[in-house]
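Novice: Quick one: the structure is below, questions incoming.
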Amino acid sequence: MRIYHNFRNMLGITVAALALVACTDEWNDHYSPTVSAGQSIWQTIQQNSELSNFARVVQATGYDASLASSQMFTVFAPTNSAFSSAEADNLIAVYQQEKARGVKDKENSTIKEFLQNHIALYNYSVSSLSNDSITMMNGKYMVLTNDRFGNRPIASRNQQTSNGVLFTIGEKADYFRNVFEWIRYDKDLDSLANFLYSYNQYEFDPTESVPGGIEDGKTVYLDSVTVLRNELLYDYAGRGTSLGIGRINSEDSTYWMVVPTNQVWDRLVAEYTPYYNYDNTVDKRDSMQWANTRTAIIRGTVFSRTKNTDESLRDSAVSVNAVDYLYRQSTFGSSDLAYYQYDKPFDQGGIFTGTVNTDCSNGMVMKANDWKIDKRQTFYQTIINEGESRDVFKEVNENNTATPSYRSVESSNPFYNKVSRNRFAVISPLGATNPEVVYYLPELLSNIDYDLYVVMVPAVAGDTLVAETQRRPCKFRCSYKFHEQDGKERSDSIVLMNGEQSYFTTNPEVVDTVFLGTIRVPTCSVGLVEPQATLRLASNLSNRERRDNIYTQILRIDCIIVKPHEEK
């Protein structure tokens, strides 16, 4: 069945190729079309008693009007010997049942999986040299030769009508589902299917529609075309809040997707829902929690076979949500953070082991009842916030703190490439005071333990000639705030402790990663424009310590790291 993909690139040259073949003697010998002058393709079908069962389905679904119009079609109609009256009755009943439930014609299984699987737009004819791939109305690709339509025998060919070409076939063409369609077909995947399909929306597409004129200053369309939009079905790489998981509905690409059974789905929804608990004042909090919880399960489960070759899969599987090594620093804050990709996927315990696999028209569904994708490989992430980033900077206390400045580490400096992105923030005092700064802590999940770190930079990283009085340890204190469930910010800060002490000190000779403690917030900030958790850092010197130059008052901040806690 892989042959469906082999000739797609030839589709654009099919008509030209046939025109050239028409000049050859072989074409003249073998291409002798029967012409039904003046008759539409629908009239021609009606008059063929061997196509009466097919004709009943066409008429019951309203497709007779289309096949009688001026639009050009090629129809591959199964004869009565290949398509029985009982089968026709069943398809008509299914069409009526789905229509009564409000299923749109484009998604009606009788139309999409049967009629449109046998009808192509435009007119195609064959010769003994034909070996082409054509696109059916449902978007599927079929290989067309002189004697085969897909893998079905052609009984009669090239019957010309006023609006197209009619073929008859000796067997009904099978409908080959793509990954997106198979998920809805498999009853073990109901929960996932209900989620994915809830995002289907049909939108008017003026570029595909046929304009008919202007009325009251607006374009009137003779044929209004609507197209399916689903914000889940596109590729998206990165942390972000995008819902994109990959174009698993596309017939032009090949994907593998690891999918959870209903049993796995229910377990993961129960586990992940508390992580997305938004406070009561967040607009559409319930729908955000519902969507983010479920997207967290499936983001990172789709793999493009263009990128994941057989050879590369021996080492790792890279999902469409993975970030290339060159961009991890800008996306995640560190090139070492490789989310949404998985080592040795076929080895014991690998994400592809133990799955039940089904070939589809555009790839493969890999059904997993034993879920091997660890949340720490996907959404349960370490968050690195750069000290110099204006996206996470909230404010300074203007009574005691100067406007923050930002320094770069020069390539000649011994600390070059030891500071994240070779940039850091400098928080300086106004006079003999203790400066303080507040940073946002964005994208925090709720109800999990995070280990919190601040990375402090020595003075010489910004200037190797800095005064000796600046080459001192930094003594500072810190606290954090968050929103309670009712949406109110916690009125008092939670002071982070260094053992029994409320302050921390740095080693002035190194880029010092200081562990501040383990925190937990009750409400989620994922996807919010303004994060709800904040961290306050403040110099903590007494008057004597300032006079004696024991410590420096200046905070030199490389980054703040928030890492999901791991039990030792």
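The values are calculated or read from the model by the stated rules, or taken from the named source; none is laboratory data. Fair warning: this is a prediction, and the values are worked out from it, not measured in the lab. Cβ atoms come from the backbone with ideal geometry, glycine included; neighbour counts cover every protein chain shown. For the accessible areas, the whole protein counts, side chains as well, though only heavy atoms, and no ligand, DNA or RNA atoms are used. Shrake-Rupley method; radii C 1.70, N 1.55, O 1.52, S 1.80 Å.
Novice: Please find, within the range 102-136, the residue that is farthest from Ala155 (Cα to Cα) out of those that are surrounded by fewer than 20 Cβ atoms within 10 Å (Cβ to Cβ) and among the hydrophobic types (A, V, I, L, M, F, W, C).
Specialist: My answer is Val103.
Novice: So which of Leu452, Leu430 is touching a residue at least 24 places away in the same chain (Cβ under 8 Å), farther than 16 Å from Ser525 by Cβ and of a type outside the set (Asp, Glu)?
Specialist: Just a single option satisfies the conditions, and that option is Leu430.
Novice: Taking Gly517, is it in a loop (DSSP other than H, G, I, E, B) and in contact (Cβ under 8 Å) with a residue 60 or more places away in the chain?
Specialist: So Gly517 fails the test.
Novice: Kindly indicate whether Ser525 is in contact (Cβ under 8 Å) with a residue 24 or more places away in the chain and not aromatic (Phe, Trp, Tyr).
Specialist: It is true that Ser525 is in contact (Cβ under 8 Å) with a residue 24 or more places away in the chain and not aromatic (Phe, Trp, Tyr).
Novice: If you don't mind, there's one more thing I want to ask. Does the range 58-78 hold any residues that are surrounded by fewer than 16 Cβ atoms within 10 Å (Cβ to Cβ) and assigned to a loop (DSSP other than H, G, I, E, B), and which are they?
Specialist: Gly62, Ser69, Ser70, Gln71
Novice: Does Asn422 qualify as being open to solvent by 30 Å² or more (accessible area, probe 1.4 Å), on the phi > 0 side of the Ramachandran plot, polar (S, T, N, Q) and modelled with pLDDT of 95 or more?
Specialist: no
Novice: Is it true that Ile92 is more than 12 Å from Thr61 (Cα to Cα), at pLDDT 95 or above, out of contact with any Cys (no Cβ under 7 Å at 6 or more places or on another chain) and open to solvent by less than 40 Å² (accessible area, probe 1.4 Å)?
Specialist: Against the criterion (more than 12 Å from Thr61 (Cα to Cα), at pLDDT 95 or above, out of contact with any Cys (no Cβ under 7 Å at 6 or more places or on another chain) and open to solvent by less than 40 Å² (accessible area, probe 1.4 Å)), Ile92 does not qualify.
Novice: Among residues belonging to the range 426-447 that are outside any loop (DSSP other than H, G, I, E, B) and over 34 Å from the mean Cα position of the chain (by Cα), point out the one that is farthest from Thr534 (Cα to Cα).
Specialist: Pro429
Novice: Consider the range 538-558. How many of its residues are in contact with a Leu (Cβ under 8 Å, 6 or more places away or on another chain) and under 19 Å from Val511 (Cβ atoms)?
Specialist: 4
Novice: What pairs can you find where one residue is in the range 365-382 and in contact (Cβ under 8 Å) with a residue 40 or more places away in the chain, the other is among the aromatic types (Phe, Trp, Tyr) and open to solvent by 30 Å² or more (accessible area, probe 1.4 Å), and their Cβ atoms are less than 7 Å apart, with a gap of 6+ or different chains?
Specialist: Note: pairs meeting the criteria are Val365/Trp182; Met366/Trp256.
Novice: One residue is enough: does the range 466-478 have a residue meeting the conditions farther than 22 Å from Asn543 by Cβ, touching a strand residue (DSSP E or B) at 6+ places or on another chain (Cβ under 9 Å) and in a loop (DSSP other than H, G, I, E, B)?
Specialist: There is no residue in the range 466-478 that is farther than 22 Å from Asn543 by Cβ, touching a strand residue (DSSP E or B) at 6+ places or on another chain (Cβ under 9 Å) and in a loop (DSSP other than H, G, I, E, B).
Novice: Count, please, the residues in the range 343-364 that happen to be in contact (Cβ under 8 Å) with a residue 60 or more places away in the chain and open to solvent by 30 Å² or more (accessible area, probe 1.4 Å).
Specialist: Going through the range 343-364 one residue at a time, the tally reaches 2.
Novice: Given the condition within 23 Å of Lys418 (Cα to Cα) and either under 18 Å from the mean Cα position of the chain (by Cα) or of a type in the set (Gly, Ala, Ser) (or both), answer yes or no: does some residue in the range 361-382 qualify?
Specialist: yes
Novice: Using beta carbons and a limit of 7 Å, which pairs, at least six apart or on different chains, have the first residue in the range 46-63 and farther than 13 Å from Glu87 by Cβ and the second one of a type in the set (S, T, N, Q) and surrounded by fewer than 20 Cβ atoms within 10 Å (Cβ to Cβ)?
Specialist: Glu50/Asn80; Ala55/Gln46
Novice: Oh, and also: If we scan the range 283-302, do we find a residue that is of a type in the set (A, V, I, L, M, F, W, C) and in a loop (DSSP other than H, G, I, E, B)?
Specialist: no
Novice: Is it true that Lys99 is in contact (Cβ under 8 Å) with a residue 60 or more places away in the chain, open to solvent by 60 Å² or more (accessible area, probe 1.4 Å) and either farther than 22 Å from Leu228 by Cβ or not acidic (Asp, Glu) (or both)?
Specialist: Against the criterion (in contact (Cβ under 8 Å) with a residue 60 or more places away in the chain, open to solvent by 60 Å² or more (accessible area, probe 1.4 Å) and either farther than 22 Å from Leu228 by Cβ or not acidic (Asp, Glu) (or both)), Lys99 does not qualify.
Novice: Only one of these conditions is not met by Gly333: (1) crowded, with 19+ Cβ neighbours inside 10 Å; (2) at pLDDT 95 or above; (3) over 26 Å from Arg184 (Cα atoms); (4) of a type outside the set (Ser, Thr, Tyr). Which number is it?
Specialist: (2)
Novice: Find the residue count for the range 61-84, including only residues that are under 38 Å from the mean Cα position of the chain (by Cα) and either more than 17 Å from Asn138 (Cβ to Cβ) or of a type in the set (Phe, Trp, Tyr) (or both).
Specialist: Selection size over the range 61-84: 4.
Novice: Can you name the residue in the range 143-156 that is under 16 Å from Leu51 (Cα atoms) and small (Gly, Ala, Ser) and is also surrounded by the fewest Cβ atoms within 10 Å (Cβ to Cβ) among such residues?
Specialist: Once the filter is applied, the top-ranked residue is Ser156.
Novice: Counting only residues that are within 19 Å of Glu181 (Cα to Cα) and either of a type in the set (D, E, K, R) or in contact with a Leu (Cβ under 6 Å, 6 or more places away or on another chain) (or both), how many does the range 347-363 have?
Specialist: Counting residues in the range 347-363 that are within 19 Å of Glu181 (Cα to Cα) and either of a type in the set (D, E, K, R) or in contact with a Leu (Cβ under 6 Å, 6 or more places away or on another chain) (or both) gives 1.
Novice: Looking for something closer than 30 Å to Asp266 by Cβ and among the polar types (S, T, N, Q) - is there at least one such residue anywhere in the range 413-434?
Specialist: no
Novice: Also, quick follow-up: Kindly list the number of the only condition in (1) under 22 Å from Gly164 (Cβ atoms); (2) of a type outside the set (Gly, Ala, Ser); (3) assigned to a loop (DSSP other than H, G, I, E, B); (4) modelled with pLDDT under 95 that fails for Trp27.
Specialist: (3)
Novice: Is it the case that the range 518-527 has a residue that's more than 30 Å from the chain's Cα centre (by Cα) and open to solvent by less than 80 Å² (accessible area, probe 1.4 Å)?
Specialist: So far as the range 518-527 goes, yes, one or more of its residues are more than 30 Å from the chain's Cα centre (by Cα) and open to solvent by less than 80 Å² (accessible area, probe 1.4 Å).
Novice: For residues that are closer than 19 Å to Pro564 by Cα and polar (S, T, N, Q), scanning just the range 274-294, find the one that is least open to solvent (accessible area, probe 1.4 Å).
Specialist: Thr293
Novice: If you scan the range 83-104, which residues turn out to be closer than 22 Å to Ile41 by Cα and in contact with a Phe, Trp or Tyr (Cβ under 9 Å, 6 or more places away or on another chain)?
Specialist: Passing the criteria: Phe83, Ala88, Leu91.
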